[in-house]
Amino acid sequence: MEKDRLDPWGSGTVKDYSRLRSEFGIEPVAPLLSRFKKLSPHLSRGIDFGQRDLARILDAIDANKPYAVMSRIKPTGDFHLGTKMTADDMVYFQSLSKKATVFYAIADVEAYADNGLSFAESRKIATKNVADILALGLDPDRAFIYLQSEEMRVARLATIFSRGVTNNMLKAIYGERQIGLYMAALVQAGDILMPQMEEFGGPKPVLVPVGADQDPHLRLTRDLAARYQDEFGFVAPSAIYHRLMLGLGGDEKMSKRAEASLLTLDDAPKVASKKAMSAFTGGRDTVEEQRRLGGRADICPIYDLYRFHFAKDDSHVELVYRECTKGIRLCGECKQEAAGLVKKFLEEHQRKRDSLMDDAEELLASGGKRMLSLRKR
Ligand code: SF4
């Protein structure tokens, strides 16, 4: 069988999550679930499947000690449902303790290296991205939101790290890539380790919620944390990995690279619901076959819409899965229901998001100073 290759800049999906454990050392989340007071939908539905050193974050929560949650968005377009998954994890892990601080990087350096987008273009897109995450529930008073290209601490760390890596080391992790992407990877290592600098309270556990395909960045950063441990006292960053959601075409992960398969948080609700209605499904060729053999929810992007985002609760996800695989549910009615849920969510989200655009602009303009000033009170 062809091995899953983890490419943080690609659009492929992962076919066998259990292999990620044996090949890359990603540990399962399940043994730690009993330590959470309340599970997020990602945890209870098996969407967050893997972790590295997650226990360190749970220890910090239990001891009421500070920890950081770090993530980033590449500002190349509207927030889509794949990006929303990382945002949902950030909001959840921020909510677990008053001692949690979120660091959110607008990855304009990476957008330039990977997509050729100018910093000015990225800046324009970023405001809406930030308003989206605020509307999804991020507490801005415990969040440091910044543009990579303007954050000198990150640039400094990336420069320092560049002396600690060789071309061969980067090639072994990422394959043969252009220098700009290697550089963006070092900048991202700077993003992940910056929360441990003195001005943010010094070394502490940092959790990075990511899609499984982003693991190469984690491996590089954990390696760098160990190499620079003596100098900075870094604690190796922890990670929680979520499954990759299928795009509406059913063959690739939902990503900005596969536009036809994309559902964004800025789609007009009616357009989004039409997209859901014309998505690929795991249904059979005829009604008779579907009744007899059941649908294939495991390869169905409509099922992913329920499971990853829009089901009312866990029992609703279970109901859709059971009815689908037993041939009780047919694709037409199933898509209709999913399309209705998408439309309702977008109407509410966009109303909230639009009312937060000024706050988002203010946060970006302050370069994260709002959180620093609150810390000094
Ligand atoms: S019944 Fe629903 S979940 Fe099952 S294959 Fe059809 S659209 Fe997908």
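The values are calculated or read from the model by the stated rules, or taken from the named source; none is laboratory data. All values reported here derive from a predicted model rather than from experimental measurement. Reconstructed Cβ throughout: ideal geometry from the backbone, glycine too, with neighbour counts over all protein chains shown.
On the basis of being surrounded by fewer than 24 Cβ atoms within 10 Å (Cβ to Cβ) and modelled with pLDDT under 90, does L96 make the cut? Taking the combined requirement at face value, the residue does not satisfy it. Once the stretch 114-148 is narrowed to residues that are under 17 Å from Y182 (Cβ atoms) and part of a helix (DSSP H, G or I), the residue that is modelled with the highest pLDDT is Q148.
Pairs are defined by a Cβ separation below 7 Å, a sequence spacing of at least 6 or placement on different chains, a first member in the stretch 291-307 that is within 11 Å of F280 (Cα to Cα) and modelled with pLDDT of 95 or more, and a second member that is within 9 Å of the ligand (Cβ to nearest atom) and among the polar types (S, T, N, Q); the pairs so defined are C300/T281; I302/T281. Would you be able to say whether some residue in the stretch 338-353 is polar (S, T, N, Q) and either within 12 Å of the ligand (Cβ to nearest atom) or touching a strand residue (DSSP E or B) at 6+ places or on another chain (Cβ under 8 Å) (or both)? Within the stretch 338-353, not a single residue is polar (S, T, N, Q) and either within 12 Å of the ligand (Cβ to nearest atom) or touching a strand residue (DSSP E or B) at 6+ places or on another chain (Cβ under 8 Å) (or both). Is the stretch 77-89 home to any residue that is at pLDDT below 85 and assigned by TED's automatic domain parsing to the domain that holds M197? Yes, the stretch 77-89 contains at least one residue that is at pLDDT below 85 and assigned by TED's automatic domain parsing to the domain that holds M197. Listed by first and then second residue, the pairs linking a residue in the stretch 18-42 that is of a type in the set (S, T, Y) to a residue that is not in a helix (DSSP H, G or I), with Cβ atoms under 8 Å apart and 6 or more places separating them unless they lie on different chains, are S40/D48. Of all the residues in the stretch 149-163, those that are within 20 Å of R222 (Cβ to Cβ), touching an Asp or Glu at 6+ places or on another chain (Cβ under 9 Å) and not aliphatic (A, V, I, L, M) number 1.
In the stretch 322-338, the residues that are assigned to a helix (DSSP H, G or I) reach residues that are buried (at least 18 other Cβ atoms within 10 Å of the Cβ) and among the aromatic types (F, W, Y) with C-beta atoms within less than 9 angstrom, at least six apart or across chains, in these pairs: C324/Y303; C334/Y303; C334/Y306; E337/Y306; A338/Y303; A338/Y306; A338/F310.
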